[in-house]
Amino acid sequence: MTEQYSIAFDHVEKAYQKTRVIEDLNLFIPEGERLILLGPSGCGKSTTLRMIAGLESITGGELRMNGRRVNEVPSGKRDVSMVFQNYALYPHMTVRDNITYALRVHRMDRAEMEKRYQKALEILNLEPYAQRKPRELSGGQRQRVALARALVKQSRFLLLDEPLSNLDAQLRGQARKELVRIHELYHQTFVYVTHDQVEAMTVGQRIALMDGGRLQMIDTPYHVYNRPANLFTARFIGSPATNIMDADWNRGGLELLGQRVELPECWNRLVCASGETELCLGIRPEHICLKAGPQENAVCGVLQYVEDYGNKLGAYVAVGDQEIVCICQSVPCAPGETVSFTLDWERMHLFSRATTCSLGYPEELPVWKELPAV
Ligand code: ADP
Ligand code: MG
């Protein structure tokens, strides 16, 4: 694979005094990829992005851009532009001056500057606002100015730190699509930080999920949803979160929440090969189909209450001392009555309780669609 315009973290570590906030980060971002850094607040996303930008020193390991070590290379020599969470526009300058500022500082040829400026104005629909000051703009317009300012530099690396977090839900939806479109026009290597999993799933070609300064999983949105590598990923991706139950394997089945379900041969073989018996079972709320009353080889519980989301229902079922959430179109009976659900073998996940890692999936399951390589 070509290393041009790539970013490689090689055992990178970042510590403030004695506190390590990034631990042993290994990550390769190829040229032109749209990579999302996702994770809860404080997990180290901004720190990772700022290390790429050269705004944060690296205390261990090596960061390479274009295949070359950049640990000591100053920000201005890395060919990056960054969009900050708070936009950081100059309040006394017009939109035009904000966007062209960096180009003027670098004494860019006037005609070239004008060409880039006009194109950015056009693709971000900012033409009517060119002479306004930031305070005369809405949040969405300011965000587009910040993006335009990053785009006109035409850097090979575009870094965005929660760029949509100040927008309301409707604008965020539009802006997500705009960002993807812009990336398809400019094809920079694009690293995008968010704590919002919907944004991650819709904007990312791959998602790097972090927790506590450690990379938890890196894969396509499709795989982080359907093939979570560990319990953290299973819980973090999807809303409502994946139901996780302690499950002990013995002689061909799972003991879970005081009940027993037999597993099909393919899953039993996988569990045997892993040597693990103390497991967690994960099932997404949208993959549970409730039936009224008990059924054979099913998990049985009592329907507690139902939430109406308009386009679907959330059903809460008490099983033993745990509450299981199901998302469905209708419920089979009234609250207080017995319901049950069978495990969908193609849609269940097993994890080791000791390591929290996924046991993997039986080969017999349908071939999962692969997204085109980036
Ligand atoms: P995120 O962007 O994922 O919310 P950050 O990368 O900003 O997280 O922060 C990661 C961790 O590093 C947090 O625990 C934060 O408190 C800590 N941190 C960030 N900057 C500093 C600093 N200058 N000194 C000490 N700790 C810091
Ligand atoms: Mg941050």
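Laboratory data are not the source of any read-out in this text; all were calculated from the coordinates shown. Predicted, not measured: the structure shown is a model, and the values here were computed from it. With ideal geometry, Cβ positions are generated from the backbone for all residues, glycine too; neighbour counts draw on all protein chains shown.
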message: What number results when the radius of gyration of region 163-218, computed over Cα atoms, is divided by 2.2 N^0.38 Å?
response: 1.19
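In terms of the Cα gyration tensor, with a ≥ b ≥ c the square roots of its eigenvalues, is region 87-128 rounded because a/c is under 1.5, prolate because a/b exceeds b/c, or oblate? It would help to have the intermediate numbers written out before the result.
Details: a/c = 2.27, a/b = 1.07, b/c = 2.12.
Judged from the Cα gyration tensor, region 87-128 comes out oblate (a/c at least 1.5, b/c at or above a/b).
Can you figure out the FRET efficiency of D97 with T59, using R₀ = 30 Å and their beta-carbon distance, to the nearest 0.05?
Numbers: r = 38 Å, r/R0 = 1.26.
Approximately 0.20, to the nearest 0.05.
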field: Listed residue pairs exceeding 23 Å between alpha carbons, taken from K119/K177; K77/K133; K45/K115; K133/K177
entry: K77/K133; K45/K115; K133/K177
- line: Heads up, region 244-374 by the C-alpha gyration tensor (a ≥ b ≥ c square roots of eigenvalues; a/c under 1.5 rounded, else a/b over b/c prolate, else oblate) looks oblate
- request: Report the FRET efficiency, 1/(1 + (r/R0)^6), for A354 and Q154, where r is their Cβ-Cβ distance and R0 is 45 Å, rounded to 0.05.
  value: 0.35
query: How about K291: which aspartates and glutamates have a C-alpha closer than 13 Å to its C-alpha, ignoring those fewer than 8 places off in the same chain?
result: E337
- request: Quick one: what are the phi-derived ³J(HN,Hα) couplings along region 134-148, Karplus 6.51/-1.76/1.60 with θ = phi - 60°, whole Hz, x for glycine and proline?
  value: x, 5, 8, 10, 6, x, x, 5, 4, 4, 5, 5, 4, 5, 4
- line: Quick note, the chain: a/c under 1.5 would make it rounded; otherwise a/b > b/c is prolate and the rest oblate (a ≥ b ≥ c, C-alpha gyration tensor); here it is prolate
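Between S239 and E112, what length comes free when the chain is fully extended (0.36 nm per residue of separation minus the Cα-Cα distance, one decimal in nm)?
On the way: separation 127, 0.36 × 127 = 45.72 nm, distance 4.64 nm.
Full extension from S239 to E112 adds 41.1 nm.
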field: Phi-based couplings in Hz for region 307-316 (Karplus 6.51, -1.76, 1.60; Gly and Pro marked x)
entry: 10, 9, 8, x, 8, 6, 10, x, 10, 9
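What does DSSP give for the chain in terms of the percent of beta bridges that are antiparallel, rounded to the nearest 5?
Numbers: 59 of 77 bridges.
The answer is about 75 percent antiparallel.
Suppose only helical runs count, i.e. DSSP H with n ≥ 4. What mean residue ellipticity at 222 nm does that imply for the chain under -39500 (n - 2.57) per run, divided by all residues and rounded to the nearest 500 deg cm²/dmol?
Details: 9 runs with 95 residues, N = 374.
Rounded to the nearest 500, it is -7500 deg cm²/dmol.
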query: When the Karplus curve 6.51 cos²θ - 1.76 cosθ + 1.60 is applied with θ = phi - 60°, which whole-Hz ³J(HN,Hα) does each residue of region 52-66 get, with x for Gly and Pro?
result: 5, 5, x, 9, 9, 6, 10, 9, x, x, 9, 10, 10, 10, 6
- prompt: Pick from P163, P228, P332: which residue has the top mean-square fluctuation in a GNM of the chain where Cα pairs under 10 Å get a spring?
  reply: P332
query: Reachable aspartates and glutamates from K153, Cα under 16 Å, same-chain residues fewer than 8 places away excluded?
result: D79, D97, D109, E112, E114, E122
task: Compute the acute angle (0 to 90°) between the alpha-carbon long axis of helix 265-274 and the principal axis of greatest extent of the alpha-carbon atoms of the chain; round to the nearest 10°.
output: 70 degrees
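For E255 and N125, calculate 0.36 nm times their separation in residues minus their Cα-Cα distance, and state this gained length in nm to one decimal.
Numbers: separation 130, 0.36 × 130 = 46.80 nm, distance 5.82 nm.
My answer for the length gained is 41.0 nm.
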- line: Given backbone amide H placed at 1.01 Å from N, residues whose amide H is under 5 Å from that of T220, ignoring those fewer than 5 places away on the same chain, are I207
- line: Surrounding charge for A354, neighbours by C-beta under 13 angstrom, Lys/Arg +1, Asp/Glu -1, total -3
- prompt: Mean separation of Cα pairs under 8 Å and 6+ residues apart, divided by the residue count of the chain: what relative contact order is that in percent?
  reply: 15 percent
field: Amide H partners (placed H, <5 Å) of V83, local residues excluded
entry: L159, L160, D161
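Express in nm, to one decimal, how much length is gained between N71 and Q322 on full extension, taking 0.36 nm for each residue of separation and deducting their alpha carbon distance.
Numbers: separation 251, 0.36 × 251 = 90.36 nm, distance 4.88 nm.
In short, 85.5 nm is gained.
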- request: Please quote Rg/Rh for region 210-298 to two decimal places, taking the Kirkwood radius as Rh and restricting both calculations to Cα atoms.
  value: 1.00
